[in-house]
Amino acid sequence: MYGIGVLKGMWVTLVHFIQTFVDDIKWAGKRYYTPEGIAHRSSKDTKGIFTVQYPEEKLPVPEEFRYIPILLQEEDEHGNLHDRCTSCGICAKVCPPQCIWIVRTEDPVTKRPVPEPVDFFIDVDICMNCGYCAEYCPFDAIKMDHDYELATFDRHVQNIYNKEKLSKPVSYYAKIRPTNYAREEALRAAEAAKKVEAAAAKAAPAS
Amino acid sequence: MTEQTATAPAPAAEPTELEKRFPGAVKRDARPGYEGYVVEAGKLREVATAIRDEMGYDYLSSVTAVDYFSDAPNANNFIEVVYHLYKSTGGGSLVYKVQVPRDNSVVPSLVDIYPGADFQEREAWDLYGVKFDGHPDLRRILMWEGFNGHPMRKDWKEPYFEEELKPFKNRWPEGQVYRIEDHNPFGRNVKYPAGFDPEGFRESADPALYDSLERAARAYSEDIDTEQVVVNLGPQHPSTHGVFRMAVRLDGETIVALKPVMGYLHRNHEQIGERNTWIMNMPFTDRLDYLSSMSNNFGYALAVEKLMGEKAAPPERAQYIRVIMAELTRISNHLWAIGFLLNDLGAFFTPALYAITERELILDIFEATTGSRMMCNYFRFGGVARDFPAGQLDKIKDLVRERLPRKIDELDLYLTQNELVRSRGENVGVITPEEAIAYSTAGPVLRASGVPYDIRRADPYGIYDRFDFDVAVRYHGDVYDRYMIRLDEMRQSLHILEQAVKQIPEGEIMTGKNPYQVRVPAGESYGRVEGPKGELGYYVVSNGKANPYRYHVRAPSFINLTILEKMCVGSKVADAVVNLGSIDIVLGEVDR
Ligand code: SF4
Ligand code: SF4
């Protein structure tokens, strides 16, 4: 019969409509503005209203989420911060839109390059959030941040981030990416242990 | 695979049929790393006809050009036009090339032999300045008429030119931060041709377009008795899915001629790709068809891995992950396509929102695995960037086994039998199988016309030969079937996914170390995948250096548009929008 198809379609919308209320009643007001409610709304079981009321509600970002890079700084026992970055330049060479600028210096006496960069710029307007810099940095010195609320009024000065603006303590990184951090620390520890062993092996026959 | 493998035999090898048939005019391409034949320009049409009619290569996949240029004295400079052909019954490629001098590059047009060459030849004319002799409508296609120069030529420089190749020198260790716009400010960054007078400039794009429309209208019917009007649909219109414009000539409400106008989003993707290093191109491919970045990554990775050989063969687990990601992408893309096709039909946004709810859940998986919902940048040469985080595979399993089948059925119940969808879709924009092949349409458009051609089956890549699935095919070739085929394909994708999530082994996800600079041996390769929108091909040429010498994208949405005029002429203007929606284009890929 002509019209059956339309009616079937309307049935589907009606089911959706009713489910919204059923789900709301089931959750007794906890469906919105609670972390469980948000998690439910992005799970496979969700029915009814799907949207998240940004900015009052925010979707939790997954650990791998990447936005703008950050530079990690290690804190020593005196509370001084040291860049992990060694100005090796790999991130600047691999960055697809070429938005990383690194200033490396030489020691005035020895003329050898100083590891920590004098300055480090990223033009975040140009950055395409690809994550290559973090992926290819051999020293785990540059990582991708989770902060995505970066709107500014000016695009020329404020959006070229310098080292000061890019730097974050390692503890911040450990907080936003715990599993990555744990894995990398384990690797670094293993590597350090290997080095100690190798040094010991070298030293042993000499003594 | 191909007539000859990449390690070309010495020219002394036994001449093939084709060489015997056209002695002197067809020679094997003997450059190491290259394949196929080099055809003399004068004989091209004859050879092409023979290849189509006698050898059965009826599907012209890609036409593009390469500029072999060096400013060294006495360098052998020429432009090469490269044709990739396949049989619509499946199997490997046949490649032939025509070499012409740079300053007088004229190649006979193949439009009447392969109508699908139309836009691609226009593109090669636009970007490389190759004149296709006999092309019926050789206008620029991505740049505007009146543009000076041909921007893919190796000696052309963009207004904000910085350096020939990346990485740029001033980034490290001096790091003098500046924006190239400041050094090359707007207004002083353009080189005008000698004797150019900006005051006297007359825009010539629109006159050329309307002229072409008029010619097409006359071809449609000689005696124009009623008054005809020209209407521009777009470029700013929601039903054109982005900045896309259709100039139509109407007789009453009937379309008598239609010319698509594109390039508003053109950013010379291929030139950017040739300045980039190999690995840098991966995130740029995300930005082509931004709804299905995983498939884009897949095609590019395949093309480069072909050149790199064994040392970049991905391990088992990576192969499975690739298939899982590509099929999830197909589902999310088709959900989007169906949703927006319904928008074009006038069912404003309720179906679209139901469909993209499910897409959202798929994007959640992409985000958790790759770090980004749409710009995934996930594939690497020899594997994928990272493994699934804990719990993601289970999430995929839940989606694939429970939610998506249910939701696809719901969409089916919701729309398929709807009388309005049927009456707006059935017998609208019909493409016959012969036309579909001749016009080089690909993907759902081709298969909805009764041609069961799916690269996953016809010329398998990755590990698709291991899965059991049917090639979805429908036979009417109308808008309704192009809607139905997307439902079918989603179901087949779910079927593949079910097998893949069951079989996926543990293990490595990368072969080798994932270096930041890859070595790619010299040669050419064409990698193609069955993207959600059709055949997505990458033609890359390496000269052994750190940057690709040529990087070409065979964009399915772009080439599928070739047939749009044919679909629309003779139907009502309202159907133009629906026809366009049923092709499913993304302007990032059309304009590149
Ligand atoms: S951030 Fe890493 S890759 Fe970049 S210069 Fe520093 S150490 Fe090298
Ligand atoms: S995320 Fe990508 S684009 Fe951004 S700074 Fe890092 S490498 Fe460059």
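The values are calculated or read from the model by the stated rules, or taken from the named source; none is laboratory data. Here the structure is a predicted model, which means the values were calculated and not measured. Cβ coordinates were reconstructed from backbone atoms using ideal geometry, including for glycine residues, and neighbour counts include every protein chain displayed. For the accessible areas, the whole protein counts, side chains as well, though only heavy atoms, and no ligand, DNA or RNA atoms are used. Shrake-Rupley method; radii C 1.70, N 1.55, O 1.52, S 1.80 Å.
Going by the conditions given, is A:Ile126 within 13 Å of ligand 2 (Cβ to nearest atom), farther than 22 Å from B:Val384 by Cα, within 11 Å of another protein chain (Cβ to nearest Cβ) and in contact with a helix residue (DSSP H, G or I) (Cβ under 7 Å, 6 or more places away or on another chain)?
For A:Ile126, the condition - within 13 Å of ligand 2 (Cβ to nearest atom), farther than 22 Å from B:Val384 by Cα, within 11 Å of another protein chain (Cβ to nearest Cβ) and in contact with a helix residue (DSSP H, G or I) (Cβ under 7 Å, 6 or more places away or on another chain) - is not met.
Could you list, in sequence order, all residues of region A:74-99 that are under 30 Å from B:Thr277 (Cα atoms) and touching a helix residue (DSSP H, G or I) at 6+ places or on another chain (Cβ under 7 Å)?
A:Ile90, A:Cys91, A:Ala92, A:Val94, A:Cys95, A:Pro96, A:Gln98
What about A:Val114, is it free of Cβ contacts under 8 Å to residues at least 60 places away in the same chain, aliphatic (A, V, I, L, M) and more than 15 Å from ligand 1 (Cβ to nearest atom)? Let's see the steps before the verdict.
Details: free of Cβ contacts under 8 Å to residues at least 60 places away in the same chain: yes; aliphatic (A, V, I, L, M): yes; more than 15 Å from ligand 1 (Cβ to nearest atom): no.
Spelling it out, it is not the case that A:Val114 is free of Cβ contacts under 8 Å to residues at least 60 places away in the same chain, aliphatic (A, V, I, L, M) and more than 15 Å from ligand 1 (Cβ to nearest atom).
Go through region A:128-185 and tell me which helices (runs of 4 or more DSSP H), entirely inside it, have 2 or more residues that are more than 16 Å from ligand 1 (Cβ to nearest atom) and assigned by TED's automatic domain parsing to the domain that holds A:Cys95.
Counting at least 2 such residues, we get A:170-176.
Pull up region B:161-214, narrow it to residues that are acidic (Asp, Glu) and more than 14 Å from every other protein chain (Cβ to nearest Cβ), then point me to the one that is nearest to the chain's Cα centre (by Cα).
Result: B:Asp206.
Take the conditions more than 14 Å from ligand 2 (Cβ to nearest atom), within 13 Å of chain B (Cβ to nearest Cβ) and surrounded by fewer than 17 Cβ atoms within 10 Å (Cβ to Cβ) and apply them to A:Glu149. Does it pass?
When the stated conditions are applied, A:Glu149 does not pass them.
Taking A:Pro108 as the residue in question, decide whether it is over 20 Å from B:Pro167 (Cβ atoms), open to solvent by 50 Å² or more (accessible area, probe 1.4 Å) and near ligand 1 (Cβ under 9 Å from one of its atoms).
no
Is it true that B:Gly92 is more than 20 Å from B:Ile563 (Cβ to Cβ), touching a His at 6+ places or on another chain (Cβ under 8 Å) and not polar (S, T, N, Q)?
No: the conditions fail for B:Gly92.
So in region A:106-123, with the set limited to residues that are at the interface with another protein chain (Cβ under 9 Å from one of its Cβ atoms) and part of a loop (DSSP other than H, G, I, E, B), which one is farthest from ligand 2 (Cβ to nearest atom)?
Applying the filter and picking the extreme gives A:Val118.
Any idea which of (1) within 14 Å of chain A (Cβ to nearest Cβ); (2) in contact with a strand residue (DSSP E or B) (Cβ under 8 Å, 6 or more places away or on another chain); (3) of a type in the set (A, V, I, L, M, F, W, C) is the one B:Ala442 doesn't satisfy?
Condition (1) is where B:Ala442 drops out.
Quick check on A:Val157: is it among the hydrophobic types (A, V, I, L, M, F, W, C), more than 16 Å from ligand 2 (Cβ to nearest atom) and closer than 30 Å to A:Pro55 by Cα?
Taking the combined requirement at face value, the residue satisfies it.
Only one of B:Pro405, B:Pro389, B:Pro351, B:Pro433 is farther than 22 Å from A:Asn129 by Cβ, modelled with pLDDT of 85 or more and within 10 Å of chain A (Cβ to nearest Cβ). Can you tell me which?
Exactly one residue qualifies, and that residue is B:Pro351.
If you go through region A:159-197 one residue at a time, how many are polar (S, T, N, Q), in contact with a strand residue (DSSP E or B) (Cβ under 7 Å, 6 or more places away or on another chain) and touching a residue at least 40 places away in the same chain (Cβ under 8 Å)?
2
Of the residues B:Ala390, B:Ala326, which is in contact with a Gly (Cβ under 9 Å, 6 or more places away or on another chain), small (Gly, Ala, Ser) and either closer than 28 Å to A:Pro69 by Cα or in the same structural domain as B:Leu494 (by TED's automatic domain parsing) (or both)?
Only one candidate passes the filter, namely B:Ala326.
Could you tell me whether A:Tyr136 is open to solvent by less than 70 Å² (accessible area, probe 1.4 Å) and within 14 Å of another protein chain (Cβ to nearest Cβ)? Full working, then the answer.
Details: open to solvent by less than 70 Å² (accessible area, probe 1.4 Å): yes; within 14 Å of another protein chain (Cβ to nearest Cβ): yes.
It is true that A:Tyr136 is open to solvent by less than 70 Å² (accessible area, probe 1.4 Å) and within 14 Å of another protein chain (Cβ to nearest Cβ).
Output the helices (runs of 4 or more DSSP H) that fall wholly within region A:1-105 and possess 3 or more residues being within 16 Å of ligand 1 (Cβ to nearest atom), within 14 Å of another protein chain (Cβ to nearest Cβ) and within 30 Å of B:Ala546 (Cβ to Cβ), or say none.
A:90-94
Here is a list: B:Thr285, B:Thr277, B:Thr240. Which entry is within 14 Å of chain A (Cβ to nearest Cβ) and within 24 Å of B:Ile583 (Cβ to Cβ)? Can you show your working first?
Working: B:Thr277 fails: within 24 Å of B:Ile583 (Cβ to Cβ); B:Thr240 fails: within 14 Å of chain A (Cβ to nearest Cβ).
Residue meeting the stated conditions: B:Thr285.
Please find, among B:Ile338, B:Ile331, B:Ile272, B:Ile324, the residue that is without any contact (Cβ under 8 Å) to a residue 60 or more places away in the chain, aliphatic (A, V, I, L, M) and outside any loop (DSSP other than H, G, I, E, B).
B:Ile272
Restricting to helices (runs of 4 or more DSSP H) lying wholly in region B:487-592: which have 1 or more residues that are open to solvent by 10 Å² or more (accessible area, probe 1.4 Å)?
In region B:487-592, the matching helices (runs of 4 or more DSSP H) lie at B:564-568, B:573-583.
Looking only at helices (runs of 4 or more DSSP H) that fall completely inside region B:366-437, which ones have 2 or more residues that are surrounded by 21 or more Cβ atoms within 10 Å (Cβ to Cβ) and among the hydrophobic types (A, V, I, L, M, F, W, C)?
Result: B:404-415.
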